Structure formats: structure tokens, C-alpha cells
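Worksheet for the structure shown next.
The values are calculated or read from the model by the stated rules, or taken from the named source; none is laboratory data. Since the model is a prediction, treat every value here as computed from it, not as a measurement. In this analysis, Cβ positions are derived from the backbone assuming ideal geometry, glycine residues included, and neighbour counts consider all displayed protein chains. SASA here: full protein model, heavy atoms, side chains in, ligands and nucleic acids out. Shrake-Rupley method; radii C 1.70, N 1.55, O 1.52, S 1.80 Å.
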Amino acid sequence: MDEKKTLLKVEHLRKYFPVKSGMFKKDYIQAVEDVSFRIYQGETLGIVGESGCGKSTLGRAILRLHEPTSGRVVFDGVAIYDGEQKKQVPMLPYRKRMQIIFQDPSASLDPRMTVGEIVGEALTVHRPDLKGQAYRDRINELLETVGLNSEHANRFPHEFSGGQQQRIGIARALAVEPDFIVCDEPISALDVSIQSQVVNMLEDLQRDKGLTYLFIAHDISVVRHISNRIGVMYLGQMVELSESYELCSQPLHPYTQSLLSAVPLPDPEKTRAQQRVILEGDVPSPLHPPTGCRFHTRCPAATEKCSQCAPTWKEYRPGHFVACHRLEEGD
Ligand code: SF4
């Protein structure tokens, strides 16, 4: 019996962005296409894929920062988005429970606001009971939680390094005591030396506060360090999802295999012996994605069938989902 509690369920989620094509015609960028998965309470689900594969759009669509096009998002038993319904539930009560840490810390902090104002902004909306000294104490407590101190509250974002700015972004996300945080490439804009500090801090916070993360990154070696399970996205679709160890040791989808083959190993001998799977060509446009399997234009194992019909998303091993014709045929 599965004892894990599902905190978030995403069902057949789509997010299309309209673009003008010609005088009267509209076309659509299919940024997220038919994505389904669930996140268990207290876990970290990593989402990995190349830039432009739709992983950030997926995170924002879940939080309805981008309103989805269709599908369903269920958070703690409540459908916070249901494409079948005309009227959606108001998000304000859920904003307190679902937060986001943005990729670029400097761009996500208002340069005209002090750090105290930035961190306290959500408190003014969600905790109007906190006033005066209690409000200031809460801000100081949040700054200390992320390794800053109360003196920093009166400074402006430009006075901080990239790593410190990201800590401010994390304090802002923690202000309303959320259950679930979308970490949207929170370390990709940081120096490598700072990245591990921020990742370790996120892990500590998760342990202390029982947080659940959707951790988005393009680097699978970072994602596998922090995630319990990993989902791999390609051109708007989820192509593989499994426990981290299994996905990294026994990847089944050719795209996951190519991502993993590019990760350098600590032992140079092993790196030299490692077989690289180098993908030809660029990622196709999500405006007119390839027919059939979207990966067929770059897949080293593609057959004629791959260009004609889309593979189905199936569970090939317990908890290990893949969409690939090669597996359907038992190869
Ligand atoms: Fe490659 Fe075909 Fe599998 Fe797609 S369905 S990943 S093209 S083998």
C-alpha cells in the first residue's frame, strides 16, 4: 500500500501561448503539452531538460502565474485549475501555501524596495495581524533563517552579491510559511562556488519545515543531487519520470540517456571510457513541433513509426514512466 500523501496532482496540463501569424491568423506556441505527474508531500521532484523545453512554464502554469490552456491541477485535494470549468477557484488562499523562487535573483527583486519591504510584502497581504515590532521581528527571523541578519533589512538589493540576493528571494518565499515551493532554476544564475551553499540551504529548510519542492534545472547532475524523483522534459512533454537513482542508473528514454552521457564523472578514466550520445541538430520550434514523437528528429533510435504516431506515457517498472515506442516493442 502506498502511504505517501499526494500534495500536488497535475493531469494532462497544457499551456499554449498565442502568436500572430499573418494578418488574421493566430498560431500557438505549445510550451507545455499533455503533462501529467504527482508530487508527494515532503519530497523534491526535479524537472530537467534543455532551455526552452517548457519546464519553467510548467512551474508557472501549476501556480497559475501563467493561466493553463487545459488540463487539471489539484493541490491538497482541491482543483485549483480545471480546464473543464469556466470559473476557476480564486488563488489568493493558495498563494500562501504555494510559492516560487525565481531564476534570476537580481531581476526578481524590486530595486526600489528595501530587503525588509521585499521580504515583508507578502506578510502585509497574508498576515495582516502582524504589525509593528511583531512584523519587524518576523522579517528579521526570516533573514536569519537564510543566513542574513537584521541589519540587511534596510539595505537595497543592489548592495548584495548574487548568492545573497537569492537568499533574499528564498526568505520572501518562506515569509508566508508555504507547503510547496517551485524552485525555478534557483542556482543557474549563481557562481558554482555559491550553488552548493544555496542547494544545501534548500535541503536544510525542507528538512526543518517539511517543505515540498518542484526543483527545475537544466543540469541533471544538480537535479539528481537534490531530488527524490526526476522528470525529464523535451519540447513541452514529459518523456521519462522515475526515482532519481533508477533514472540516473537505468535511464530508458534515449533523450535521458543522452543527457546523462554528457555528465562528467569524478574519475577521468571513467569519463574517457564513457560513451557519449551526441544529439544532432537543434531543438525544433514549439510553434510547429514534429509529428509523432517530438524527439524523432534527433533520436538515434528513431524508426518510421516514431515520426507517424506519438508514443504513449506508460509505467514500465513500478514508478518508472516513459513515452517511447522502442519500449512498447520490448526492445
Ligand atoms: Fe526515439 Fe522513437 Fe522512442 Fe521517440 S519514440 S524516443 S523517436 S525511439
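Being within 20 Å of ILE220 (Cα to Cα) and out of contact with any Lys or Arg (no Cβ under 8 Å at 6 or more places or on another chain) holds for only one residue in GLN250, GLN308, and it is GLN250.
Taking (1) modelled with pLDDT of 95 or more; (2) open to solvent by 20 Å² or more (accessible area, probe 1.4 Å); (3) in contact with a Ser or Thr (Cβ under 6 Å, 6 or more places away or on another chain) in turn, ASP27 satisfies each apart from (1). Just one of the listed residues (ILE80, ILE100) is touching a Gly at 6+ places or on another chain (Cβ under 9 Å) and either open to solvent by less than 20 Å² (accessible area, probe 1.4 Å) or under 16 Å from ARG172 (Cα atoms) (or both), namely ILE100.
A quick yes/no check of all residues on (1) more than 19 Å from the chain's Cα centre (by Cα); (2) aromatic (Phe, Trp, Tyr):
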| site | (1), (2) |
| --- | --- |
| VAL222 | no, no |
| SER258 | yes, no |
| PRO268 | yes, no |
| PRO284 | yes, no |
| PHE295 | yes, yes |
| TRP313 | yes, yes |
| CYS324 | yes, no |
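Would you say ALA323 is in contact with a His (Cβ under 6 Å, 6 or more places away or on another chain) and within 16 Å of the ligand (Cβ to nearest atom)? Answer is no for this residue. Filtering TYR255, TYR213 for residues that are within 16 Å of the ligand (Cβ to nearest atom), surrounded by 15 or more Cβ atoms within 10 Å (Cβ to Cβ) and among the hydroxyl-bearing types (Ser, Thr, Tyr) leaves a single hit, TYR255.
When each of VAL239, VAL277 is tested for being free of Cβ contacts under 8 Å to residues at least 40 places away in the same chain and within 13 Å of the ligand (Cβ to nearest atom), the lone residue that passes is VAL277. The condition of being over 23 Å from TRP313 (Cβ atoms), acidic (Asp, Glu) and under 15 Å from the mean Cα position of the chain (by Cα) holds for only one of ASP204, ASP184, that being ASP184. Can you tell me which residues in the stretch 262-305 are touching a Lys or Arg at 6+ places or on another chain (Cβ under 6 Å) and buried (at least 16 other Cβ atoms within 10 Å of the Cβ)? Hit for the stretch 262-305 is LEU279, nothing else.
Looking only at residues of the stretch 62-77 that are free of Cβ contacts under 8 Å to residues at least 60 places away in the same chain and not in a strand (DSSP E or B), we find that the one that is surrounded by the most Cβ atoms within 10 Å (Cβ to Cβ) is PRO68. Can you pull out every residue in the stretch 150-175 that is surrounded by fewer than 21 Cβ atoms within 10 Å (Cβ to Cβ), among the polar types (S, T, N, Q) and touching a helix residue (DSSP H, G or I) at 6+ places or on another chain (Cβ under 6 Å)? Correct list: SER150 only. The stretch 222-331 holds strands (runs of 3 or more DSSP E) entirely within its bounds, and those carrying 1 or more residues that are among the hydrophobic types (A, V, I, L, M, F, W, C) and touching a Gly at 6+ places or on another chain (Cβ under 8 Å) map to 229-234, 237-243.
Can you say whether LEU241 is open to solvent by 10 Å² or more (accessible area, probe 1.4 Å) and either closer than 23 Å to ALA173 by Cβ or hydrophobic (A, V, I, L, M, F, W, C) (or both), as far as the supplied structure shows? The answer is no for LEU241.
Close Cβ contacts (under 7 Å, 6 or more residues apart or on different chains) running from residues in the stretch 284-304 that are among the small types (Gly, Ala, Ser) to residues that are open to solvent by less than 30 Å² (accessible area, probe 1.4 Å) comprise GLY292/CYS306; ALA301/PRO254.
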